[in-house]
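Have a look at the structure below, then the notes.
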Amino acid sequence: MNAEATRQVDELRETIARLHHQLTRYNLVAWTSGNVSARVPGSDLMVIKPSGVDYDDLSAATMVVCDLDGTLVEGDFAPSSDTAAHAYVYRAMPEVGGVVHTHSAYATAWAARGEAIPCHLTAQADEFGGEIPVGPFALIGGDDIGKGIVATLSGHRSPAVLMRNHGVFTIGRDARAAVKAAVMCEDVARTAHLTRVLGDPAPMAQADIDALHHRYQNAYGQRGTSAATS
Ligand SMILES: [Zn+2]
């Protein structure tokens, strides 16, 4: 690694360790499941969570660095068992700077049913631009999960995919945006579930969904920061 890559990696180790604590804060993960990664800008590297380490023990020092084939480059621990999926996404989608995976309960219940979350809420139109889609069933280990994520999200407005019988993967221009998508996905999935229990949701016009998404992605938030603030 050159000096610039080393500086970026050191910064991302801090950022990614900190972002993992948002997964526990928002109750998106159980035990050691779930993971966040970030692409190292300007190099074929990523920073990702180590496998099987308690969330309380995650720190900048315990994060690991892999290349975009998922091979360990730097770190004292084995990388997350989902590393191949993250790496595949970075290889296939150059605009993606962050990837998150969780088994958050409500969203994963929709994934277990293999059912996309229909858009009946302004907040979902804002963040996801329509339905949150379902991706194919895929076994962990090779490139199948990554392929399913990329095939589903390429050209789709949603930064989140419900991988069938598995859980949620989200993407973002950086890791913070991907974490935000994971938090919002679970929030929307919970409300959509409650709506389903109550009865039939009131429909939203596609033109309104389009207008909300356009405004939120282009004009919302503080100037000079990402739309993915608050
Ligand atoms: Zn998983």
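The values are calculated or read from the model by the stated rules, or taken from the named source; none is laboratory data. Predicted model, so just to flag it, every value in this text is computed and none were measured. Because the Cβ atoms are built from the backbone with ideal geometry, glycine has one as well, and the counts that use them run over all protein chains shown. Note: areas computed on protein heavy atoms with side chains; ligands, DNA, RNA excluded. Shrake-Rupley method; radii C 1.70, N 1.55, O 1.52, S 1.80 Å.
Remarks
- Under the condition of being at negative phi, free of Cβ contacts under 8 Å to residues at least 60 places away in the same chain and more than 15 Å from the chain's Cα centre (by Cα), the residues counted in the range 19-31 number 1.
- Candidates in the range 149-168 are the residues that are closer than 11 Å to Pro133 by Cα and out of contact with any strand residue (DSSP E or B) (no Cβ under 8 Å at 6 or more places or on another chain); of these, the one that is farthest from the ligand (Cβ to nearest atom) is Arg157.
- Summed over the range 92-109, the residues that are of a type in the set (Phe, Trp, Tyr) and free of Cβ contacts under 8 Å to residues at least 24 places away in the same chain give a count of 0.
- Residues (within 13 Å of the ligand (Cβ to nearest atom) and out of contact with any Lys or Arg (no Cβ under 8 Å at 6 or more places or on another chain)) located in the range 130-140: Leu139, Ile140
- Some residue of the range 222-230 being under 22 Å from Arg39 (Cα atoms), buried (at least 17 other Cβ atoms within 10 Å of the Cβ) and out of contact with any Phe, Trp or Tyr (no Cβ under 8 Å at 6 or more places or on another chain): yes
- The set of residues in the range 61-88 that are more than 15 Å from the ligand (Cβ to nearest atom) and in a strand (DSSP E or B) comprises Val64, Val65, Cys66, Asp67, Leu72, Val73, Glu74.
- As for the range 98-108, it holds at least one residue that is under 23 Å from Asp143 (Cβ atoms), open to solvent by 30 Å² or more (accessible area, probe 1.4 Å) and assigned to a loop (DSSP other than H, G, I, E, B).
- Boolean, Ser37 is among the small types (Gly, Ala, Ser), out of contact with any Lys or Arg (no Cβ under 6 Å at 6 or more places or on another chain) and buried (at least 17 other Cβ atoms within 10 Å of the Cβ): yes
Okay, residues lined up against (1) surrounded by 22 or more Cβ atoms within 10 Å (Cβ to Cβ); (2) aromatic (Phe, Trp, Tyr); (3) modelled with pLDDT of 95 or more; (4) more than 16 Å from the ligand (Cβ to nearest atom):
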{"site": "Gly142", "(1), (2), (3), (4)": "no, no, no, no"}
{"site": "Lys147", "(1), (2), (3), (4)": "no, no, yes, no"}
{"site": "Gly172", "(1), (2), (3), (4)": "yes, no, yes, yes"}
{"site": "Ala205", "(1), (2), (3), (4)": "no, no, yes, yes"}
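- Total residues in the range 25-60 satisfying the condition of being away from the ligand (no atom under 16 Å from the Cβ) and assigned to a helix (DSSP H, G or I): the figure is 4.
- Filter pass, Thr195 being at pLDDT 95 or above and within 14 Å of Gly98 (Cα to Cα): no
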